[in-house]
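Okay, so here's the structure we're looking at.
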Amino acid sequence: MGKTIAGTSPGKFHQTGPGGLGIREFARWYRSQELAQWEVLNVAAVEKLTNILLAAQRAGRHVFVMGNGGSAATAASIAVDFSKTAAPKGGKGWKCLSLSENAAFITAMSNDHTFDDIFVKQLEILLDPGDVVLVISGSGNSVNLIKAVRFAKARRAKTAALLGFDGGKLKGLVDAPVVVASDQYGVVEDLHLSISHIITFFLRQRG
């Protein structure tokens, strides 16, 4: 039986390895942590997320993706991949936007009001029923993402998440959670990006 993965909070850093290893030994250890997550990846959860995205595409709905820190970078990558790369040859790209990219809005909202509202205030303007809100979070406990998901559900949008650790509060809030049950942030972020690539190239190869 694998170890139980405890929850965490945003900004809380954890031990990032066993310590005392040379780079070769550390690289092997890190690889073992990542391979373990590939072995237990919940492909059914990935399928559920993919089906939600496909339904949104067929209906002409928007997908809004967002995250903080490293997850903001993943959100940006997903937005590009879904809008450009996921389109089949000769097909139309998806309506996918990252809400982590508008630095002017985010800093204005944080400076004048609160960082907790940087995403929900954008959704108040942009989100329609039937759209998809996809949040990326290692801890699953980021307040700004929780507020965004609760707003999206109230507006009858679909919600999904790529999460780490034990999934946090977001696991029980979204329609389609995909949890990488690791306590290593690097492994979590690596798998999140890989999952997005699985979905992207699956969609593209459908023709």
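Each of 23, 159, 10 was placed along the dipole of the chain (beta-carbon charges, centred on the mean Cα), and the one lying farthest toward the positive end is 159.
Among rounded, prolate and oblate, which fits the range 24-81 when a ≥ b ≥ c are the square roots of the eigenvalues of its C-alpha gyration tensor, a/c under 1.5 means rounded, and a/b larger than b/c means prolate? Intermediate results must be reported in sequence, preceding the final value.
Working: a/c = 4.08, a/b = 1.76, b/c = 2.32.
Oblate shape, in that a/c is at least 1.5 and b/c is the bigger or equal ratio.
Give me, ordered by chain and number, the residues 5 or more places off residue 159 or on other chains with an amide H under 5 Å from its own placed amide H. Here 133, 175, 176 satisfy the definition. In order along the range 108-114, the Karplus-derived 3J(HN,Hα) couplings, from 6.51 cos²θ - 1.76 cosθ + 1.60 at θ = phi - 60°, round to 5, 5, 5, 6, 8, 10, 8 Hz, and Gly and Pro are given as x. If R0 equals 41 Å, the separation of the Cβ atoms of residue 33 and residue 80 corresponds to a calculated FRET efficiency of about 0.90. Couplings for the range 172-177, taken from phi via the Karplus curve 6.51 cos²θ - 1.76 cosθ + 1.60 with θ = phi - 60°, read x, 9, 8, 6, 9, x Hz in order; Gly and Pro are left as x.
Backbone geometry of the range 80-97 corresponds, through the Karplus equation with coefficients 6.51, -1.76 and 1.60 at θ = phi - 60°, to 3J(HN,Hα) couplings of 5, 5, 5, 6, 10, 6, 6, 5, x, 4, x, x, 8, x, 7, 8, 10, 10 Hz, x marking Gly and Pro. The range 138-193 and the range 1-60 have Cα centres lying 12 Å from one another.
Taking a ≥ b ≥ c as the square roots of the eigenvalues of the Cα gyration tensor, an a/c ratio of 1.5 or more together with a/b no larger than b/c marks the chain as oblate. With a threshold of 21 Å on the Cα-Cα distance, the over-threshold entries among 48/89; 147/171; 121/153; 92/153; 89/158; 48/158 are 48/89; 92/153; 89/158. Amide hydrogen proximity for residue 87: with H placed 1.01 Å from N in the peptide plane, the residues at 5 or more positions away or on another chain lying under 5 Å are 94. Put simply, the amide H of residue 98, placed in the peptide plane, has neighbours under 5 Å in 65, leaving out anything fewer than 5 places away on its chain.
Peptide packing: for 132-143, 149-160, 111-122, 38-49, the average count of neighbouring Cβ atoms within 10 Å per residue gives the ranking 132-143, 149-160, 111-122, 38-49, highest mean first. Its DSSP H runs of at least 4 residues, each contributing -39,500 (n - 2.57), put the calculated 222 nm mean residue ellipticity of the chain at -15500 deg cm²/dmol, to the nearest 500.
Since every read-out is calculated from the coordinates, none of them should be taken as a lab result. Keep in mind it's a predicted model, so treat the numbers as computed, not measured. Here the Cβ is made from the backbone with ideal geometry for all residues, glycine too, and neighbour counts use every protein chain on show.
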